[in-house]
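Below: the structure, in C-alpha cells.
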Amino acid sequence: MVAVVVEAGIVAVVVGIGMTLYRMVKGPHVADRVLAGDVLSLQVVALVILLAVDQRRAVSLDVALLVAIVGFASTLAFAQYIGATRSGPQPPDEGEGG
Amino acid sequence: MIRRLGFDMALAVLYLSWSGNHTWPGILVGLVLGFIVVSVYDLGTAHPNHGRRALRMLRFGVYFLTILIRSNLQIAREIMTPGFSQTPRILRYPVDDLDDFQTTVLANCITLTPGTLVVDVSDDGGWLYVHCMYALDRSEAIAGLSRLDERLRREVFSW
Amino acid sequence: MDAIREIATVVLLVSGLSFMLIGAWGTVRLPDAYHRLHAASKCSTLGLLGLLLGAVVHIGTAAALSKALLTLVFTFVAAPVGSHMLARSAHAAGLEQWDRTLSDELAEDQGDHPED
C-alpha cells in the first residue's frame with residue numbers, strides 16, 4: 001500500500017517539477033522564475049522524503065533538511081538580486097538617451 | 001514564553017544526551033522533567049504560570065493548524081475551478097505597538113492564513129502591507145486580519 | 001495496529017502530495033506573481049507537513065521525529081520569509097500586477113514619501 005503511494009507520489013512530484021519548470025521558462029518577470037525555483041526546491045524536498053519513506057530510514061530526512069536550507073538560501077539570494085538591480089535610486093531615463 | 005519553552009526543550013535534550021535513553025518514553029520523560037524544573041523556577045521567582053501559558057500557546061497552535069488547512073483548501077478551490085473569482089488589493093495594516101520579533105511572527109502567520117500575503121514592512125516598522133486575494137470590501141479584509149492579530153496578542157504575546 | 005499505522009501513513013502522504021501538486025499547479029495557472037506566491041507559500045508548507053508526518057509515522061523512530069520536527073520548524077519559518085522577500089523585491093522592481101487588482105496602498109505610500 002505504502003509502496004504504491006510512493007510510486008504514485010514520484011509521478012506526482014515529477015509532474016509538479018514539470019509545471020514549475022514551465023513557469024521558470026515562461027515566467028514574464030524574474031520574480032516568477034525565482035518563485036518557480038523556490039517551489040522546485042520544495043518539490044525536491046518532497047522527493048527526498050519519499051525516498052526516506054521508501055527506504056524506511058531516517059538518514060534521508062537529513063538530506064531533506066539540507067535541500068530545504070539550500071533552497072531557502074538561494075531564494076533569499078535571488079530576492080536580494082532582484083531588489084538590488086531594480087530598486088534604489090532610479091537612473092534618470094532621459095540622461096541615457098542623449 | 002518562547003525562551004521558557006526553549007529552556008524546557010534544552011533540558012530535555014540534555015536529559016536525552018546524558019541518559020542515553022533514546023526512546024519515545026525517554027523524550028517524554030525529559031520534556032516533563034524540564035517542564036517541572038521550569039515551573040518550579042517560575043514559582044520561586046513569582047512569574048505568571050508557565051503551565052497555563054503553555055496551554056494557551058498549544059491552543060493557538062491548534063487554531064493555526066486549522067486556518068492553515070482552511071487557507072489551503074481555499075486556494076486549492078481557486079486553482080482547480082475554472083475562472084478566477086479573486087478581488088485582490090494591497091492593504092496597509094498598522095503594527096505600531098509590536099516589536100520586531102512580534103511583527104515577524106505576525107507577518108508569518110498572516111502569510112499562512114487564508115487569502116493574505118505580506119508584501120512589505122514600512123521602514124519604521126509601523127505598517128505591514130498585505131496582499132489580500134478577496135478584498136472587495138476593504139474594511140472586511142482589515143477586520144479579518146485584526147481577528148488573527150487579536151488572537152495572537154491574547155494567546156501568544158501576552159506574558 | 002500495523003494496519004492503522006499504514007492507513008495513517010497513506011492518508012498523510014496522499015494529502016501532502018496532493019497539496020504539493022496543487023501548489024505547483026498554482027504557479028502555472030494563477031494570474032500574477034503575487035497570487036503565485038500565495039500558492040507557493042501555503043501549499044508547500046502544508047504539503048511538507050503532511051509528507052513529513054507520514055514519513056515519521058511510517059519510520060517510527062525518535063531520530064525520524066527529531067529530524068522531521070527540525071525540518072518542519074525550518075519550513076514554517078523559512079517559507080513565509082522567503083515569500084516576503086520575494087514579494088518585497090518584486091514590488092520594488094515594479095512587477096506588473098493583475099489588471100483586476102483593486103488598489104495598491106503600498107505604491108500610494110511610496111508615491112507620497114519618495115523612497116530613500
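Right, residue C:71: in contact (Cβ under 8 Å) with a residue 24 or more places away in the chain, of a type in the set (S, T, N, Q) and assigned to a helix (DSSP H, G or I) or not? Criteria not met by residue C:71.
Would you please name the residue that is farthest from residue B:85 (Cα to Cα), looking only at residues in the range B:103-130 that are of a type in the set (S, T, N, Q) and part of a loop (DSSP other than H, G, I, E, B)? Spell out the reasoning first.
Keep residues of the range B:103-130 that are of a type in the set (S, T, N, Q), which gives B:103-104, B:108, B:111, B:113, B:116, B:122.
With the extra rule that they be part of a loop (DSSP other than H, G, I, E, B), the set shrinks to B:113, B:122.
Numbers: B:113: 18, B:122: 29 Å.
Here the residue is B:122.
Of all the numbered requirements in (1) within 7 Å of chain A (Cβ to nearest Cβ); (2) under 23 Å from residue B:75 (Cα atoms); (3) out of contact with any Gly (no Cβ under 8 Å at 6 or more places or on another chain), residue C:68 misses one, and that requirement is (2).
The set of residues from the range C:55-67 being small (Gly, Ala, Ser) and buried (at least 20 other Cβ atoms within 10 Å of the Cβ) comprises C:55, C:64. Looking at (1) at pLDDT 85 or above; (2) within 27 Å of residue C:47 (Cβ to Cβ), which one does residue B:83 not meet, given that it meets all the others? In the conditions (1) at pLDDT 85 or above; (2) within 27 Å of residue C:47 (Cβ to Cβ), residue B:83 misses (1) alone.
Go over the candidates B:90, B:75, B:79 one by one and state the one that is touching an Asp or Glu at 6+ places or on another chain (Cβ under 7 Å) and within 14 Å of residue C:35 (Cα to Cα). Spell out the reasoning first.
Values: B:75 fails: touching an Asp or Glu at 6+ places or on another chain (Cβ under 7 Å); B:79 fails: touching an Asp or Glu at 6+ places or on another chain (Cβ under 7 Å).
Only one candidate qualifies: B:90.
Just so you know, in the range C:26-46 the residues that are at the interface with chain A (Cβ under 7 Å from one of its Cβ atoms) and in contact (Cβ under 8 Å) with a residue 12 or more places away in the chain include one that is farthest from residue A:39 (Cα to Cα), and it is C:33. Answer yes or no as to whether residue C:95 is without any contact (Cβ under 8 Å) to a residue 12 or more places away in the chain and either in a helix (DSSP H, G or I) or open to solvent by less than 60 Å² (accessible area, probe 1.4 Å) (or both). Against the criterion (without any contact (Cβ under 8 Å) to a residue 12 or more places away in the chain and either in a helix (DSSP H, G or I) or open to solvent by less than 60 Å² (accessible area, probe 1.4 Å) (or both)), residue C:95 does not qualify. Within the range A:9-23, the set of residues being facing chain C (nearest Cβ under 9 Å) and either open to solvent by 60 Å² or more (accessible area, probe 1.4 Å) or touching a helix residue (DSSP H, G or I) at 6+ places or on another chain (Cβ under 6 Å) (or both) comprises A:9, A:12, A:13, A:15, A:16, A:17, A:19, A:20, A:22, A:23.
Of all residues in the range C:15-25, those satisfying the criterion of being surrounded by fewer than 24 Cβ atoms within 10 Å (Cβ to Cβ) and at the interface with chain A (Cβ under 7 Å from one of its Cβ atoms) are C:21, C:25.
Give the residues of the range B:106-123 that are surrounded by fewer than 17 Cβ atoms within 10 Å (Cβ to Cβ) and over 18 Å from residue C:107 (Cβ atoms), sorted by residue number.
Within the range B:106-123, no residue meets the criteria.
Out of C:12, C:52, C:70, report the one residue that is open to solvent by 10 Å² or more (accessible area, probe 1.4 Å) and at pLDDT 90 or above. I'd like the intermediate steps shown before the answer.
Values: C:52 fails: open to solvent by 10 Å² or more (accessible area, probe 1.4 Å); C:70 fails: at pLDDT 90 or above.
Every option except C:12 fails the conditions.
Residue C:1 - would you say it is farther than 30 Å from residue B:139 by Cα, without any contact (Cβ under 8 Å) to a residue 12 or more places away in the chain and open to solvent by 20 Å² or more (accessible area, probe 1.4 Å)? So residue C:1 passes the test.
The values are calculated or read from the model by the stated rules, or taken from the named source; none is laboratory data. This is a predicted model, so every value here is computed, not measured. Glycine gets a Cβ as well: all are built from the backbone with ideal geometry, and neighbour counts include every protein chain shown. Note: areas computed on protein heavy atoms with side chains; ligands, DNA, RNA excluded. Shrake-Rupley method; radii C 1.70, N 1.55, O 1.52, S 1.80 Å.
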